[in-house]
Every structure is written in C-alpha cells, then in structure tokens.
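**Student:** Encoded as structure tokens, here's the structure I'll be asking about.
The values are calculated or read from the model by the stated rules, or taken from the named source; none is laboratory data. Remember, it's a predicted structure, so these values are computed and weren't measured experimentally. Methodologically, a virtual Cβ is constructed for each residue, glycine included, from the backbone with ideal geometry; neighbour enumeration extends over all protein chains shown. The protein model used for the area step is the full one, side chains on, heavy atoms only, and it has no ligands, DNA or RNA in it. Shrake-Rupley method; radii C 1.70, N 1.55, O 1.52, S 1.80 Å.
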Amino acid sequence: MITKIETLPNEILLYIFSYLSWYDMLISFWSLNIRFDSLVCSILSINDRISNSGILITQGLSYNKCSSILFPLIINSSSLCSSIQRIHFDETNSIACDLIYQWLFNEKKILHYSNLKSLILTRCGSIEAVVQSLSYLIEHQLDELTLTFNQQGFRRVRYEKKDLQMISDAEIERRMNMIKELLCQLFSGQCQLKSLRLDISNILRGSIIHRCLKSRSYLSFNPIQHEFQSYCMTLRCLYIRLNQTCFLENLIEYVPNLEQLLVEFHYVSKFGSFEKSNVETLRQSNENWFNKIPKLRYFSLKTLICDDSEFVYLKWLLNNLNYIEKLQVHLRNNEFIKRESESIWKSVIDANFVRQYCLPSKIINLIYFDFYICSECQSSLNDIEKIINSFKIHSFFVEHQWTNVKYLFDPIMSCQHLFSLTDRLQFSDNPR
C-alpha cells in the first residue's frame, strides 16, 4: 500500500521536519500547498536556544546557495519573513560575515523580519557589519542577543580566507572604538534586550574595551558621557565572559533590574578593584551591591584562581552579593602558573575550605548552592573519606542540607575534583 506524505497527520510531519536542516526543509517542502507552508512557518517560528532553532548560517552552507536560492525564497514570502524569530550567524563559516547585513536589512535599511526576537552572532570577525546591524536591533527589535568575538579580528597578523593579512594599528584601534561604542549602547537606555550572552574574553587585554563603562561616580563629573550612559532597564539575564574584572565592577551600575548573572573569567585578572595594593582594603571592605542590582537572585562564577590574593578578591565579590538566593561557584587552579603566594591552594580542600572561600561570610537569603573545585594534590583513600565526611559533620552544611558531595581523584594528573551533587543551576532567558 502506497501512502502519500500529504495523508500523514501534522504531528508526524512536524516530527519528520525536525530531522531536517532548515534549508533542506525549505527547498523540499515550501510552496507545495498551504498546509505545508503553514507547517514550515510553524517550525521556523520556534525561538529556542537549547534546540538552536530558527535560521542558522553555519558551516556547510555555500554562498551561492544562500544568495541565489535561500535568501530570495525567504525574502519573497511575507509569511516566511514574519515567521522567523531567531537567526544564528556563525562566522566559523566565512560566508556568514558577508551575509549578516544583507540578510537582515533591505537597501532602504528596513529590517526584513518584523518578528525577529533572538539573534546569535558567534566568532565575529567582521566588526563593522556586526556593529552596523546591532545598533538598530538592540534598541528597537530584539529581546535576546548572543554575541562573541573572534580573537583573529584583533591580531595585527592573521590568516583571512587562506591569505596572510596585515592589519594596521589604526585599523585595530578603529575596530576597538566601534566595539566600545556598541558595549556602551548595550548597557544604556538605548537597549531593550531582556537577555544577553556576551563573550569579550578574546579581546586584547589592556585595551580600552574593558574600561569603556565608567563608574557612575566618574560620570557625575562628566555630564555629556553620563547622558549617553543611562541605565539599561530591561535587561534581566546576563551571561558574560571576560578577561578583566573592572568591566564587571562598572557594568553592575548600569543594569539595576538584573535578576540572573553568570560570569566566567579566564582567571581573576588584576584590574579594577583587584590590585596587589588593594588586597587588605578588599579584605576589610563592607561594600554591598544590593543598592546597585537589588533584584539579582541567581549568580554563577567560573574562573581560574592562581594565588592567595585572588581568593581575597573572590571573597570580596561573594560578600558583595550575599543577598542572593542561588549561587554557583566553579574554581580551578592553573598547574602551569606558579605563584609565590599559593598557601590557600595547598590547604585541604574540604567543607571548611568551601565555607571559607566559596561562600559569602554572611548568609542572608541563600537557598541553593552548587560548587565545583578542581586543583592539584596528592591524595589517598583515607583523605577522600575524610573530605566527604567533613560536609556531613560541618554544622553549616548540615543545617542547610548541603552534605551530598562527590570527590574524585585523578592519579595520572595528580588532580582532585570536589563538587556538590545537586541539580545544575539553570539560567533562563525568560525569567518571568
């Protein structure tokens, strides 16, 4: 018995479509009939970060296929254009940088997709096209943005389309200034984003980028810059990867309604409040960020910690956020970086260590705590048992029922892994 695909119910057809790439689905099923067009539109209208839905311009797509087949097919259909809510450009595919602005805007600079809400730009090297596209979108269109920059875009010597390219200092400075202006807009009143995932960890250390957000105490003496750097009132969720702490310290003054904050450092770098001369000041500090980000409830930090002074900064940071409800801390030490002051890492990593260095001194509202610690050590079976039991007899962890931990030892790498056995803390792009 021969069954025509048109006889299948919608549920089965949607299941079949889920196994196809968006471009194969369009080419194969678009314009067959009204029913199939409706199903295709329903697939493209899904805005889901986990399943990476929507339009994806990634590796595997040729420039000719995009420009001569897919792009005209979409642009010439108002129903397709209005269905698309999520677009992902991955510049690992070299054609993505050539298509960003062309795919988003027409020759009159009008956005093609009236319902576009989520945009993902990863490994960005084409700085000008990115800034040109985002300036309008973050103020008038998008709810969610993912933005990561490619280190290649800031190197003086790089390979570009298989050719060795030289980039002048003036060109690098021009690109830096463009990103600086974009970052200032992202955290100002000219941005309506609700969720932002931002990775600027590949941008050169010591550049002007990481100091582009000035403290509001500084802006009070600079009324012109203060006018531009107004608050971003809409941002609720922020995931950010950095290589300098000063950006974070200034950033929190511009996002008063932030509810979820996930920060990842390559390592706790000595910039901002964290200077050798400031270690004792940080240790004595009573500062608190409640007046700056009072709605923050979830905080996650992942970083390398190299020496004792960086533990002081970590403690200062956690104490500033001692009012949050959910906390996640992931720490590693770097076996390739040896510092003079490493006495803390040489101590036993147990319940006392976690309470002292991975939690605020004062616990106010905390109801969820997740941690992971990876460090070098020499261990034995007796040590493992003592470390696990230390949580079962420590009054703080017993009181909060945070005694379920796991310890793993890697004898080949002489490395220990200590972590809590709880559900991983999930950061939602739509907290409300």
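**Student:** Test residue 42 against the stated conditions and say whether it is farther than 28 Å from residue 239 by Cα, small (Gly, Ala, Ser) and at pLDDT 90 or above.
**Tutor:** Yes; evaluated as a whole, the condition is true for this residue.
**Student:** Among the residues in region 157-180, are any open to solvent by 30 Å² or more (accessible area, probe 1.4 Å), at pLDDT 90 or above and closer than 19 Å to residue 255 by Cβ?
**Tutor:** no
**Student:** Also: Among the listed residues 77, 82, 53, identify the single one that is open to solvent by less than 60 Å² (accessible area, probe 1.4 Å), within 29 Å of the chain's Cα centre (by Cα) and over 26 Å from residue 148 (Cβ atoms).
**Tutor:** 82
Yes/no per residue for (1) out of contact with any Gly (no Cβ under 9 Å at 6 or more places or on another chain); (2) at pLDDT 95 or above; (3) of a type in the set (D, E, K, R); (4) within 21 Å of residue 314 (Cα to Cα):
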site: 375; (1), (2), (3), (4): yes, no, no, yes
site: 379; (1), (2), (3), (4): yes, no, no, no
site: 383; (1), (2), (3), (4): yes, no, yes, no
site: 389; (1), (2), (3), (4): yes, yes, no, no
site: 393; (1), (2), (3), (4): yes, yes, no, no
site: 407; (1), (2), (3), (4): yes, no, no, no
site: 416; (1), (2), (3), (4): yes, no, no, yes
site: 423; (1), (2), (3), (4): yes, no, yes, no
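**Student:** Further question: Is one or more of the residues making up region 344-361 closer than 25 Å to residue 312 by Cβ, open to solvent by less than 40 Å² (accessible area, probe 1.4 Å) and modelled with pLDDT under 85?
**Tutor:** no
**Student:** Do you know which residues across region 385-412 are surrounded by fewer than 17 Cβ atoms within 10 Å (Cβ to Cβ) and assigned to a loop (DSSP other than H, G, I, E, B)?
**Tutor:** Across region 385-412, the qualifying residues are 401, 404, 411, 412.
**Student:** Within region 29-37, does at least one residue satisfy the condition of being touching a residue at least 24 places away in the same chain (Cβ under 8 Å), of a type in the set (Asp, Glu), open to solvent by less than 60 Å² (accessible area, probe 1.4 Å) and more than 22 Å from residue 122 (Cα to Cα)?
**Tutor:** Yes: region 29-37 contains one or more residues that are touching a residue at least 24 places away in the same chain (Cβ under 8 Å), of a type in the set (Asp, Glu), open to solvent by less than 60 Å² (accessible area, probe 1.4 Å) and more than 22 Å from residue 122 (Cα to Cα).
**Student:** Answer yes or no: is there a residue in region 106-123 that is within 23 Å of the chain's Cα centre (by Cα) and in a helix (DSSP H, G or I).
**Tutor:** Checked region 106-123: no residue is within 23 Å of the chain's Cα centre (by Cα) and in a helix (DSSP H, G or I).
**Student:** Mind listing whichever residues of region 1-20 are touching a residue at least 24 places away in the same chain (Cβ under 8 Å) and either assigned to a loop (DSSP other than H, G, I, E, B) or touching a Cys at 6+ places or on another chain (Cβ under 9 Å) (or both)?
**Tutor:** 18
**Student:** Could you say which residue among 129, 96 is closer than 18 Å to residue 22 by Cβ, at pLDDT below 90, open to solvent by less than 60 Å² (accessible area, probe 1.4 Å) and among the small types (Gly, Ala, Ser)?
**Tutor:** 96
**Student:** Any chance you could count how many residues in region 273-296 are among the aliphatic types (A, V, I, L, M) and modelled with pLDDT under 80?
**Tutor:** 2
**Student:** Considering region 181-206 alone, what residues qualify as being among the β-branched types (Val, Ile, Thr) and either modelled with pLDDT of 95 or more or out of contact with any Phe, Trp or Tyr (no Cβ under 9 Å at 6 or more places or on another chain) (or both)?
**Tutor:** Answer for region 181-206, where residues must be among the β-branched types (Val, Ile, Thr) and either modelled with pLDDT of 95 or more or out of contact with any Phe, Trp or Tyr (no Cβ under 9 Å at 6 or more places or on another chain) (or both): there is none.
**Student:** Search region 316-336 for residues being open to solvent by 50 Å² or more (accessible area, probe 1.4 Å) and out of contact with any Ser or Thr (no Cβ under 8 Å at 6 or more places or on another chain), and hand back the single one that is modelled with the lowest pLDDT.
**Tutor:** Filtering region 316-336 for residues that are open to solvent by 50 Å² or more (accessible area, probe 1.4 Å) and out of contact with any Ser or Thr (no Cβ under 8 Å at 6 or more places or on another chain), the one modelled with the lowest pLDDT comes out as 336.
**Student:** Restricting attention to region 100-107, does a residue exist that is more than 22 Å from residue 20 (Cβ to Cβ), without any contact (Cβ under 8 Å) to a residue 12 or more places away in the chain, loosely packed, with under 15 Cβ neighbours inside 10 Å and of a type in the set (D, E, K, R)?
**Tutor:** yes
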